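K.L.:
Pasting a structure here, questions to come.
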Amino acid sequence: MPAVHAILITHTPERLRRTILGVAWSSRVPDSLTLACDSDDPAIEDAARAAAHEAGLPLTLVTRPNAGTGRASQTRNNGVRALLNTNPDPDSILVFLDGDCVPLHTAIERHASALTNSRRALSLGWRYDLTEDQNNAFDEAALKRGAMPFEPTPAQVRALNKRHARFRRQRLQRTLGFTKPHKPKLLSANFACTLDAYRRVNGFDEAFEGWGQEDDDFGKRLYQSGVRVHLGIRDILACHQFHTTRAPGDWADSPNARMLRDDRPTACELGLDSPAEQPEPIVTRIEP
């Protein structure tokens, strides 16, 4: 199986511990873990060190000062740039998770399996949005032994099934040219792609700042590049830890939404190999 590299992004130390534990307790522990931060808050490094020690899992921390607005695209690219400095195998698989999304036991393994010995270069997972009660009752011992750490509600299960059916329909419609160019939707909180595919489109577009649509754009450009997609909506799952959302009330008229509607090149102008201006990221190796 190709090497598997997990990349987490965060802007806060909150909820980071449980996500790192979930990665460490996975049925397929990644060959490397990179935590890329849209911040240089020392509390993030403190939380990462404590979690790495508890999990027994080394990680690479990438920080740089916040620019006053969210730069999730650049943060993900910073994580991949740090990985590239280690000369990874070109056939490597990248698994992306948000720092508040705990992967279920088999999520990383299933992403890797979907992209191994196949013509697919993109694997889409999804997430359970935990309620406050589910978050408070989350069973870490169950997560560690590979069991379900919370009880999904019937409504949550129905929503996953409904989304899976819709994404399958959109994948078929894509072959016929009848769906939106970014569908089936890539959720940046839980997806995987090959390193080759990531580099082919120059990574995430760093022109996207603030909340949202950078993942839609990344998926759109991957589809433009001709990748085939695996749908893991019902069986490659993460648990989104409960907190107040940063999503705006109506994003349809936001600058990012307008950029998403534009015709944009498959390889973005501001991306992995041509970053937007930023202070030089600091890369720190953390050993448990």
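Just so you know, all these numbers are worked out from the coordinates, no wet-lab data involved. Only a predicted model underlies this, so the values are computations on that prediction, with no experimental measurement involved. In this analysis, Cβ positions are derived from the backbone assuming ideal geometry, glycine residues included, and neighbour counts consider all displayed protein chains.
K.L.:
Explain nothing, just compute: Karplus ³J(HN,Hα) = 6.51 cos²θ - 1.76 cosθ + 1.60, θ = phi - 60°, for every residue of segment 19-30 in order, whole Hz, x for Gly and Pro.
P.N.:
For segment 19-30, the Karplus curve yields 5, 5, 4, x, 5, 5, 8, 5, 5, 10, 5, x Hz.
K.L.:
What residues qualify as long-range amide H neighbours of L104, i.e. H under 5 Å apart, gap of 5 or more or another chain, H built at 1.01 Å from N?
P.N.:
Amide H neighbours of L104, under 5 Å, 5+ apart: L237, A238, C239.
K.L.:
Let me ask something else about it. Taking square-rooted eigenvalues a ≥ b ≥ c of the alpha carbon gyration tensor, is segment 48-98 rounded, prolate or oblate, where a/c under 1.5 means rounded and, failing that, a/b exceeding b/c means prolate?
P.N.:
In terms of gyration-tensor shape, oblate.
K.L.:
For the chain, modelled as a Gaussian network with Cα springs under 10 Å, which listed residue fluctuates most, A52, A24, A43?
P.N.:
Its mean-square fluctuation being the largest, the pick is A43.
K.L.:
Projected area of segment 183-283, taken from the Cα convex hull and averaged over every viewing direction, in nm²?
P.N.:
Working: hull surface 33.0 nm².
So the mean shadow area of the Cα hull is 8.2 nm².
K.L.:
Determine which lysines satisfy two conditions relative to K183: a Cα distance under 17 Å, and not lying fewer than 8 residues away in the same chain.
P.N.:
Answer for K183, where 17 Å is the Cα cut-off: K162, K220, listed by chain and number.
K.L.:
Still on this structure, please answer the following. For the chain, what is the percent of antiparallel DSSP beta bridges, rounded to the nearest 5?
P.N.:
45 percent
K.L.:
At a 10 Å Cβ-Cβ cut-off, how would you order T69, T266, T34, fewest neighbours first?
P.N.:
Placing the least packed residue first, the sequence is T69, T266, T34.
K.L.:
Going by Cα centres, segment 109-123 and segment 16-68 are how many Å apart?
P.N.:
24 Å
K.L.:
Would you mind calculating the gained length between E132 and A155 on full extension (0.36 nm times residue separation, minus the Cα-Cα distance), in nm to one decimal?
P.N.:
Residue separation times 0.36 nm, minus the Cα-Cα distance, leaves 6.7 nm.
K.L.:
In a shell of Cβ-Cβ distance under 12 Å around T86, excluding T86 itself, what net charge do Lys and Arg (+1) and Asp and Glu (-1) give?
P.N.:
0
K.L.:
Using helices alone, what [θ] at 222 nm do you get for the chain, with -39,500 (n - 2.57) per DSSP H run of 4 or more residues, divided over all residues and rounded to the nearest 500?
P.N.:
For the chain, the value works out to -10500 deg cm²/dmol.
K.L.:
Order by neighbour count: M1, M259, fewest other Cβ atoms within 10 Å first, most last. Please report the intermediate quantities before stating the final value.
P.N.:
Details: M1 13, M259 16.
Arranged by neighbour count, lowest to highest, M1, M259 become M1, M259.
K.L.:
Could you list I108, I233 so that the one with the fewest beta carbons within 10 Å of its beta carbon is first and the one with the most is last?
P.N.:
The most exposed by this proxy come first: I233, I108.
K.L.:
Another question, then. For the chain, build the convex hull from the C-alpha positions and give me its volume per residue in Å³.
P.N.:
126 Å³
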